[in-house]
Amino acid sequence: MTTFRDDGAAALEWAASYLERVRDLPVLSQVAPGAIRAALPARAPEAPEPFAAVLRDLDDVLMPGLTHWQSPRYFAYFASTASEPGILAELLSAALNQVGILWRASPALQELEEVALAWLADLLGLPEGWHGHIEDTASTGLVTALAAARAASPGKRVVVCSEHTHSSTAKAARLLELELRPVRGNAGHGMRLDEVDLSGACALVATIGTTSSAAIDPVPELAAMCADAGVWLHVDAAYAGSAAVCPELRPLFAGWEQADSLGVNPHKWLLTPMDCSALWSRRPDDLRNAFSLVPEYLRVSEDVASLSEYGVPLGRRFRALKLWAVLRCYGREGLQAVIREHVRLAGLFEQWVRDEPRWEVCAPRHFSLVCFRRDGSDEENEALLERINATGLVFLSHTRLDGRLVLRLAIGNAGTTEDDVRLAWEVLRREAL
Ligand SMILES: Cc1ncc(COP(=O)(O)O)c(C=O)c1O
């Protein structure tokens, strides 16, 4: 019989050696749909199995079906990093298994969440005093913010956003039975101000760092329009928001301090394992009006609002522990160093593309995402993407901008080096021939 300590040591050894070798694994899983399911037994075992069997099947059965988000050569969607302090804190959080249904169910969970979000707000240069809590994802954060906006403006049922807004805005609007009013983008893919119509609107969603091209909506002007019209401004900075830790990048976030609510995902570009999405609001009473519902069995004598009164879920995980661990173990300087290096590497790659005949940069680059394409048809670019991803050496993704298929290289893994980015460029050039 092995003990928890023995199994734990083996699991930690597995994790450490995985992180050491992940760079050399094929980044995009190459399995066919259903292959992993077919390799697994149809039923759970009757008799208990040792934990070692789980680790063995992780290697033998599941590994081929993993796309390696932890790979320094992962450049698709928005690349991310589960850093070591974040991983260890997740382990501890599972060991503690706190269920934060209300303050007294875990005072430390709630108060650490409040402190961690106040620290993060300070690191990002946000105004003092905003109410913050952690959601699983930015999608849930959007539902939360738009539900509060809807409740704050009875009778107004329109949500204004850019045509480039993330699909979670449309999903939240659908769930809340709100009408979506997309506004066309300008040449840089930011929202066109001359087309913004706030009549009947309860909310406007502006994005700093859109999903397709990391474009920036004109937030200061939109904030002024929203203030005049009494419309809730939600700023979605799910990916890019973490970059505000660098003062030299703060001008790109102008106006976000005027948001009624703001979402930033530390699980995207702030070294925190999935899932951890920060939602701040300067109108917490409106969130509480929309969500507070305290049944008798949760009634308490202490005068403390629980975080479950500010959003959909009742039970909450101890997510703050990993965010706190990351903020402590990197510090402001460590976080800045990672973001600055990613922005530098993206700038290098952008320049290589610009300098090479037959290649084109397709969108302004503000952060660590480069949108580009090879001359030729959409089909040729798509086939090129398929070929480079099939090599297993790197993984990139695509989008559509101005009616054309465009390739995206997103840098966001803390282990990514200049050599990794150079390899991506070499593979692209080789496969394009
Ligand atoms: C700008 C933006 N907003 C929202 C989301 C949704 O994020 P989540 O997966 O946390 O719901 C994304 C995801 O990439 C995004 O890029």
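Just so you know, all these numbers are worked out from the coordinates, no wet-lab data involved. From a predicted model like this one, the values you see are computed outputs, not experimental measurements. Note that we place each Cβ from the backbone using ideal geometry, even for glycine, and neighbour counts take in every protein chain shown.
Just name the residue that is surrounded by the fewest Cβ atoms within 10 Å (Cβ to Cβ) out of those in segment 208-235 that are within 14 Å of the ligand (Cβ to nearest atom) and not β-branched (Val, Ile, Thr).
So the residue we want is Ser212.
Give me the helices (runs of 4 or more DSSP H) completely within segment 317-433, filtered to those with at least 2 residues that are under 30 Å from Leu112 (Cα atoms), ordered by residue number.
Qualifying helices (runs of 4 or more DSSP H): 320-355.
Leu55: over 20 Å from Leu396 (Cα atoms) and in contact with an Asp or Glu (Cβ under 9 Å, 6 or more places away or on another chain), yes or no?
It is true that Leu55 is over 20 Å from Leu396 (Cα atoms) and in contact with an Asp or Glu (Cβ under 9 Å, 6 or more places away or on another chain).
Scan segment 24-80 for residues that are closer than 30 Å to Thr210 by Cα and part of a helix (DSSP H, G or I) and jot them down.
The one that is closer than 30 Å to Thr210 by Cα and part of a helix (DSSP H, G or I): Gly65.
Give me the residue from segment 264-279 that is more than 10 Å from the ligand (Cβ to nearest atom) and touching a Pro at 6+ places or on another chain (Cβ under 9 Å) and, out of that set, farthest from Lys322 (Cα to Cα).
That would be Ala278.
Before we move on, is Thr2 in contact (Cβ under 8 Å) with a residue 60 or more places away in the chain and either touching a strand residue (DSSP E or B) at 6+ places or on another chain (Cβ under 6 Å) or not charged (D, E, K, R) (or both)?
no
Quick one: which of Gly129, Gly125 is more than 16 Å from the ligand (Cβ to nearest atom), touching a residue at least 40 places away in the same chain (Cβ under 8 Å), more than 22 Å from the chain's Cα centre (by Cα) and surrounded by fewer than 24 Cβ atoms within 10 Å (Cβ to Cβ)?
Answer to the selection: Gly129.
Filter segment 415-433 down to the residues that are crowded, with 17+ Cβ neighbours inside 10 Å and either among the basic types (Lys, Arg) or in contact with a Pro (Cβ under 6 Å, 6 or more places away or on another chain) (or both) and list them by number.
Thr416, Asp420, listed by residue number.
Quick one: which residue in Arg192, Arg174, Arg157, Arg150 is away from the ligand (no atom under 16 Å from the Cβ), without any contact (Cβ under 8 Å) to a residue 40 or more places away in the chain and over 30 Å from Lys322 (Cα atoms)?
Of Arg192, Arg174, Arg157, Arg150, the one residue that is away from the ligand (no atom under 16 Å from the Cβ), without any contact (Cβ under 8 Å) to a residue 40 or more places away in the chain and over 30 Å from Lys322 (Cα atoms) is Arg192.
Look through segment 236-263, keep the residues that are aliphatic (A, V, I, L, M), under 25 Å from Phe318 (Cβ atoms) and more than 10 Å from the ligand (Cβ to nearest atom), and return whichever of them is surrounded by the most Cβ atoms within 10 Å (Cβ to Cβ).
In this case the residue turns out to be Leu262.
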